[in-house]
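Asker: I am attaching a structure below and will ask some questions about it afterwards.
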Amino acid sequence: MKQGKQEIKQIPGGGHRGPSSHFQKVIEKPKDTKQTILRLWAYLKAFKFQLTLTLGLVLISTILNIINPYLMKIALDDYIISSYNRPALLHLVMIMIAIYLIASVISLFQQWMMVTVTQKAIRNLRADVFRQFQNLPVRFFDSRSSGDLMSRISNDIENISNTISSSFIELFSGVLSIAAVTVIMISINWQLALICLSILPLVMLLTRKLAKHTRKGFREQQKHLGTLNGIIEESISGQRVVQAFVKENEYINNFSDINVKLQKASRNANISAGFMGPIMNMMNNLNYAVTAFSGGVLATFGLVSIGTIAAFLTYTKQFSRPLNQMAQLYNTIQSAIAGAERVFEILDEKSEIEEAVDAQPLADKEGIIHGRVEIKDLHFRYKKDIPILKGISINANAGQTIAIVGPTGAGKTTIVNLLTRFYDYQSGSIKIDGKEIRTLKKDELRKSLGIVLQDTFLFSGTIKENIRYGKLEADDDEIMNAAKLANAHQFIHRMPLGYNSEVFEGGSKLSEGQKQLLAIARAILSDPAILILDEATSSVDTRTEIHIQEAMLKLMEGRTSFVIAHRLSTIKNADLILVMKEGMIVEQGTHHQLIENKGDYFEMHNNRFSSELQGAK
């Protein structure tokens, strides 16, 4: 059942939550800028026709823009200086104006086309990342900040989108302009062309030197931004806990520390990138002055015409303008590449545990899932050097109720994670109806499991939609019947809009008991063969617990059930009670058998009974 996947909130193997978690070191892999650009290009080239048309328009507008300086040379040399020809000059001027107008219209259209292509490509990239999120294993989310993941799918992708939309045409047009202007300048006068082109080696050297430092700086900036988003997200979602434990100042201090790190990383990245603009302006202005001076010297010796000098000065501007634009875009491009690397890190993560190529269905030939569970000699660890389960063996016949108790960290919830294949065990086996779960189709396995957890997660939407999550094709009558069986119908009916009442993310407007009743209704609707109740009544009052227990008893009828509980009073009627300690089953039997044994369960029972009596007083 899919709801279980959404509700699990286990943080194994060093997973982080809370203020101090944000200072853990992030290990970065070596980055490949070329590969990142090629991967972005793959998303763009999926729209070959629009992209080809856009690039064709860029080519046309670039050619049109470099024609006019040559026409100006002709106008000066042929129609003004050598012999004044007013009709021909006016005709040539009209042609130049027409060329400028046509080039401007084409530029507007090509920009519109580029934005369209970019948004389609980004739509696909965003969809791929979100799809990857759905396919990543639970352990991935257990060990990462949700704020950082949100930053990658929102901030980083939006940064990529803006950069491609604004920079792609300028870069392509700039490269074309430089190439075309170079050819024309050489064809007009190779001496002046060499003087103008002398800037290129120095530009390439500076760009290469700054690229290394700037890219590293922007990646550091976005890493800290993701951490900062994580702190903000946690402080908002956990504000009640923060205020209840008077941790406001601690969060403010943690935020300030990361904010300072972000400020320093942003400053360093932007200073490195900011050097490019002023340096390029200085070099281009110097190049323009040298070209003008050299042209003047050559003109005094009659080696070049006035028209040639005028054309060359214009071409010098057209040659230097793309270099200036690239320098200005450098900051944005480096930031986008760093963001793209972070996005592709998500896509490169190994997807959820693969199912076998020949995965078999769980149901038998008659389409029935009986729910017999056999766990044999199960060993598991989240980290290599920390064993969590040590040779666990459990046999649950169809329809039996198995209760699991034990202190925090004993491995109870880990069994849930393994049954659902959120994690895979290192050795041993788990079989359902005699079939190893690793050989089963994952979707069918999870649909056979109904999970009700202490930390119930509700989605933004109506109560009806949240219950229907257990069976999307269910009609209103089925939803209402499930709510009645779960003892939820009464409180739903009292709400202003009944089943159409809106629920905010997490169900913040509902009590814990009400949320759990809705989770039980959702599980009833999904009609699972195997039920897992993970501490489902540990955080509610006694009166609410009675309603929940009644609902759970209805839900458990005819199903194999695993109940993980703190309140031992809720599991007295279980067919088998397992007592876990440090990853092992240290006792098992019925409630009466374990009380008679006077072991760990007996001690737990007496301690809990005493504490409940104290609480009642």
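Asker: Any residue in the stretch 410-435 that is at positive phi sitting within a Cβ distance under 8 Å of a residue that is assigned to a helix (DSSP H, G or I) and of a type in the set (Lys, Arg)? List the pairs, counting only those 6 or more apart or interchain.
Answerer: Arg421/Arg438; Arg421/Lys442; Arg421/Arg446
Asker: Further, regarding this structure: Determine the pairs where a residue that is over 13 Å from Ala310 (Cα atoms) and assigned by TED's automatic domain parsing to the domain that holds Gln318, located within the stretch 68-88, has a partner that is in a helix (DSSP H, G or I) and among the hydroxyl-bearing types (Ser, Thr, Tyr) with Cβ atoms under 9 Å apart, the partner being 6 or more residues away or on another chain.
Answerer: Within 9 Å, the pairs are Asn85/Tyr79; Arg86/Tyr79; Ala88/Tyr79.
Asker: While we're on this one: Does Lys317 satisfy the condition of being in the same structural domain as Leu136 (by TED's automatic domain parsing) and charged (D, E, K, R)?
Answerer: So Lys317 passes the test.
Asker: Kindly establish whether Arg438 is charged (D, E, K, R) and crowded, with 19+ Cβ neighbours inside 10 Å.
Answerer: no
Asker: So, one more: State yes or no: is Val105 farther than 30 Å from Ala338 by Cβ and either buried (at least 18 other Cβ atoms within 10 Å of the Cβ) or not assigned by TED's automatic domain parsing to the domain that holds Ala310 (or both)?
Answerer: When the stated conditions are applied, Val105 does not pass them.
Conditions (1) of a type outside the set (D, E, K, R); (2) within 30 Å of Phe312 (Cβ to Cβ); (3) out of contact with any helix residue (DSSP H, G or I) (no Cβ under 6 Å at 6 or more places or on another chain), marked per residue:
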| position | (1), (2), (3) |
| --- | --- |
| Leu44 | yes, no, no |
| Gly56 | yes, yes, yes |
| Asn85 | yes, yes, no |
| Thr116 | yes, no, yes |
| Ser151 | yes, no, no |
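Asker: Would you mention how many residues in the stretch 391-418 are crowded, with 23+ Cβ neighbours inside 10 Å and closer than 14 Å to Lys376 by Cα?
Answerer: Residues meeting the conditions: 2.
Asker: Looking at (1) under 28 Å from Val416 (Cα atoms); (2) modelled with pLDDT under 85, can you tell me which one Lys509 breaks?
Answerer: Single failed check for Lys509: (1).
This table checks each residue for (1) closer than 27 Å to Ile402 by Cβ; (2) crowded, with 19+ Cβ neighbours inside 10 Å.
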{"residue": "Glu341", "(1), (2)": "no, yes"}
{"residue": "Leu347", "(1), (2)": "no, no"}
{"residue": "Glu354", "(1), (2)": "no, no"}
{"residue": "Gln360", "(1), (2)": "yes, no"}
{"residue": "Asp364", "(1), (2)": "yes, no"}
{"residue": "Ile369", "(1), (2)": "yes, yes"}
{"residue": "Ile375", "(1), (2)": "yes, yes"}
{"residue": "His379", "(1), (2)": "yes, no"}
{"residue": "Tyr382", "(1), (2)": "yes, yes"}
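Asker: Which condition does Met604 not pass, out of (1) modelled with pLDDT under 90; (2) closer than 30 Å to Ala482 by Cβ; (3) not acidic (Asp, Glu), if it passes all the others?
Answerer: Among (1) modelled with pLDDT under 90; (2) closer than 30 Å to Ala482 by Cβ; (3) not acidic (Asp, Glu), Met604 violates only (2).
Asker: Filter the stretch 543-599 down to residues that are among the basic types (Lys, Arg) and in contact with a Gly (Cβ under 7 Å, 6 or more places away or on another chain) and give me whichever is nearest to Ser393 (Cα to Cα).
Answerer: Out of the qualifying residues, it is Lys581.
Asker: Can you tell me which residue in the stretch 53-93 is surrounded by the fewest Cβ atoms within 10 Å (Cβ to Cβ), limited to those that are among the charged types (D, E, K, R) and in contact with a Ser or Thr (Cβ under 7 Å, 6 or more places away or on another chain)?
Answerer: Filtering first and then ranking leaves Asp77.
The values are calculated or read from the model by the stated rules, or taken from the named source; none is laboratory data. Since the structure is predicted, the reported quantities are computational estimates derived from the model, not experimental observations. Cβ coordinates were reconstructed from backbone atoms using ideal geometry, including for glycine residues, and neighbour counts include every protein chain displayed.
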